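The values are calculated or read from the model by the stated rules, or taken from the named source; none is laboratory data. In this text the structure is predicted, and so the values were computed from the model without any measurement. Heads up, the Cβs are rebuilt from the backbone with ideal geometry, glycines too, and the neighbour counts pull from every protein chain shown. Heavy atoms of the whole protein, side chains included, go into the accessibility calculation; ligands, DNA and RNA do not. Shrake-Rupley method; radii C 1.70, N 1.55, O 1.52, S 1.80 Å.
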Amino acid sequence: MTEYSWPDWGSDKEYGTRVVAAWPDTVRNLPLGAPVTGEVVGRRPFGVFLAIDHHPEAIGLAEITAMPQCMELPRVGEHVTGLVLWHADHNHQVKIKLTEWDEHADLLRPFADVIGQTVSGQVTKVAPLGAFVRVADCVEGLLRPEELPETPALEGQALMVTILGVDLERHRIFLAAARGR
């Protein structure tokens with residue numbers, strides 16, 4: 001079971017006001033690319049909130065969209081490191097990419113060099129938009145409905161797939177069921 005919580009700022013009713021007032025200093029003191037450390041103080045399906053060390057009026061958010069598929073969100077109370085990605089002026093949050101996610105960032109790059117090749121995989125999920133197939137540790141590609149094999153794909157099924165394309169910017173691999181195998 002996944003545990004989710006909102007940050008608990010305690011009985012400090014003025015915290016939000018201080019965050020807004022400190023925003024110009026937060027942006028200046030935490031420029032894009034700056035390394036940060038902090039404690040996870042809230043965990044939601046969309047990411048984790050961080051209390052950024054040495055910046056008590058700064059709210060950090062590491063969003064799940066920057067997280068590799070094979071990773072899990074850190075738990076409340078964990079101490080993490082990261083880099084400042086963005087400043088969200090509308091809600092006074094410092095967007096952060098956690099450094100532990102970096103080791104998985106380039107897992108798709110080798111697949112861009114083997115477009116057209118056939119590899120083995122395992123179906124991890126079947127959905128209306130197609131089937132997701134794991135082709136390596138932490139790497140899944142999408143078999144669109146028109147690319148599915150003639151017999152329906154089932155979760156857990158081993159499948160030979162051809163790599164049709166890789167979108168490195170959007171972190172996606174497109175697959176087709178291998179023909180004649």
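Tabulated data
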quantity	calculated
Test set (1) open to solvent by 20 Å² or more (accessible area, probe 1.4 Å); (2) at pLDDT 85 or above - Ala58 fails condition number	(1)
Criterion: closer than 30 Å to Val133 by Cα and surrounded by 14 or more Cβ atoms within 10 Å (Cβ to Cβ) - qualifying residue of Glu3, Glu63	Glu63
The range 32-55, residues that are in a loop (DSSP other than H, G, I, E, B) and on the phi < 0 side of the Ramachandran plot	Leu32, Ala34, Pro45, Phe46, Asp53, His55
Residues of the range 72-91 satisfying the condition of being open to solvent by 40 Å² or more (accessible area, probe 1.4 Å) and in contact with a helix residue (DSSP H, G or I) (Cβ under 8 Å, 6 or more places away or on another chain)	Thr81, Leu83, Leu85, Asp89
Residues (aromatic (Phe, Trp, Tyr) and modelled with pLDDT under 95) located in the range 19-48	Phe46
Search result, residues across the range 1-43 that are closer than 19 Å to His79 by Cβ and basic (Lys, Arg)	Arg43
Test: residue in the range 106-119 that is under 28 Å from Ile59 (Cα atoms) and assigned to a strand (DSSP E or B)	no
Qualifying residue in the range 23-34 (condition: exposed (fewer than 11 other Cβ atoms within 10 Å of the Cβ) and of a type in the set (Gly, Ala, Ser))	yes
Matching residues in the range 127-152 - criterion: being open to solvent by 80 Å² or more (accessible area, probe 1.4 Å) and either touching a Phe, Trp or Tyr at 6+ places or on another chain (Cβ under 8 Å) or part of a strand (DSSP E or B) (or both)	Arg134, Arg144
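Let's see how each residue does on (1) in contact (Cβ under 8 Å) with a residue 60 or more places away in the chain; (2) not in a loop (DSSP other than H, G, I, E, B):
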residue	(1), (2)
Leu61	no, yes
Gly82	no, yes
His87	yes, yes
Asn91	no, no
Val94	yes, yes
Lys97	no, yes
Gly121	no, yes
Lys125	no, yes
Leu154	no, no
